[in-house]
Amino acid sequence: MIDESELKELVHTPGISNQNRLLLCLAVAPVGPRKEGTLRSMVVNTGVINASKLNIAEYLARARTAGLARKLPVGWELTKPGAERVTGLVKRDTVGEAPAEPIKRLREHLKLIKKDETRAFVEEAVQCAERKLFRSAVVLSWIGAVAVLHDYVIANKLAEFNAEALARFPKWKAATTGDELAAMTEANVLLVLQAISVIGKNVREELEACLKYRNACGHPTSLKIVETRVVAHVETLMANVFENY
């Protein structure tokens, strides 16, 4: 999809994330599965500062969670959404098209997110919106929001969550990790979070609307994805989840 000379320019695009750098590396011709060590060498050879210290496995795991890459026995490769992300990165760098004003405002929210890891994850969603990869922006931002809520429960409300979950769902097995919390549907998680006063009723209703939109965007349908709706989705998650937990 791109050659090595293009890679050297693209990985130095202002504001580009390390995850996107790795996706670009996976798109270098000839395209095929690549090992983590190979990807590290490719980033190092482009002159990225501190590339030798990058946590390659973590960034790739995030890409897999977002549906942008998959791990095969012979290495990592792009998925279709990952290839679309790369196309957007290349197009943005070539055309230099500025994002719309509503999307620019999303970056203002990033400054309010305290945790570096959370802010970096949300920035991925903002970058998707900037590059008009709207479905990816919707799905990625929701995945991140759910992960943040799970982390908050594990750290602060685990006993209360399990007690309320068991009262509502007799077959519930007490969770101790985020993976175990993921056994509960996201809609039910929101109900339990409201019941134990982590979120209020109005917030739950807003998040349920975000979940519904995420589900609509996460599958091939005839739904037309509108930029302003995507911005509203991401803004809602930022204001009610990412900036608070």
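Output the helices (runs of 4 or more DSSP H) that fall wholly within region 179-245 and possess 1 or more residues being more than 15 Å from residue 153 (Cα to Cα) and modelled with pLDDT of 95 or more, or say none. Those helices (runs of 4 or more DSSP H) span 186-195, 201-217. Any residue that is of a type outside the set (Gly, Ala, Ser), out of contact with any helix residue (DSSP H, G or I) (no Cβ under 8 Å at 6 or more places or on another chain), without any contact (Cβ under 8 Å) to a residue 40 or more places away in the chain and within 22 Å of residue 81 (Cβ to Cβ) - is there at least one of those in region 193-216? Yes, there is a match, as at least one residue in region 193-216 is of a type outside the set (Gly, Ala, Ser), out of contact with any helix residue (DSSP H, G or I) (no Cβ under 8 Å at 6 or more places or on another chain), without any contact (Cβ under 8 Å) to a residue 40 or more places away in the chain and within 22 Å of residue 81 (Cβ to Cβ).
Of all residue pairs spaced 6 or more apart or on separate chains, those with beta-carbon atoms under 7 Å, a first member in region 2-17 that is assigned to a loop (DSSP other than H, G, I, E, B) and a second member that is surrounded by 15 or more Cβ atoms within 10 Å (Cβ to Cβ) and not hydrophobic (A, V, I, L, M, F, W, C) are 11/21; 11/46; 13/93; 17/123; 17/124; 17/127. If only residues of region 148-157 that are crowded, with 16+ Cβ neighbours inside 10 Å and without any contact (Cβ under 8 Å) to a residue 40 or more places away in the chain are counted, the one that is farthest from residue 191 (Cα to Cα) is 154. Residue by residue through region 214-245, note down the ones that are among the charged types (D, E, K, R), out of contact with any Leu (no Cβ under 6 Å at 6 or more places or on another chain) and farther than 17 Å from residue 189 by Cβ. Once the filter is applied, which keeps residues that are among the charged types (D, E, K, R), out of contact with any Leu (no Cβ under 6 Å at 6 or more places or on another chain) and farther than 17 Å from residue 189 by Cβ, region 214-245 yields 224, 227, 229, 235.
Restricting region 117-133 to residues that are of a type in the set (A, V, I, L, M) and in a helix (DSSP H, G or I), which is surrounded by the most Cβ atoms within 10 Å (Cβ to Cβ)? Per the stated criteria, the residue is 125.
For the condition touching a Lys or Arg at 6+ places or on another chain (Cβ under 9 Å), not in a loop (DSSP other than H, G, I, E, B) and not assigned by TED's automatic domain parsing to the domain that holds residue 218, what is the one hit in 43, 48? Going through 43, 48 in turn, the sole match is 43. Being surrounded by fewer than 16 Cβ atoms within 10 Å (Cβ to Cβ) and not aromatic (Phe, Trp, Tyr) is a description that does not apply to residue 145. Checking each residue in region 158-185 for being of a type in the set (D, E, K, R), crowded, with 18+ Cβ neighbours inside 10 Å and closer than 18 Å to residue 145 by Cβ picks out no residue at all.
The values are calculated or read from the model by the stated rules, or taken from the named source; none is laboratory data. Keep in mind that what you see is a predicted model, and the values were worked out from it rather than measured. Cβ coordinates were reconstructed from backbone atoms using ideal geometry, including for glycine residues, and neighbour counts include every protein chain displayed.
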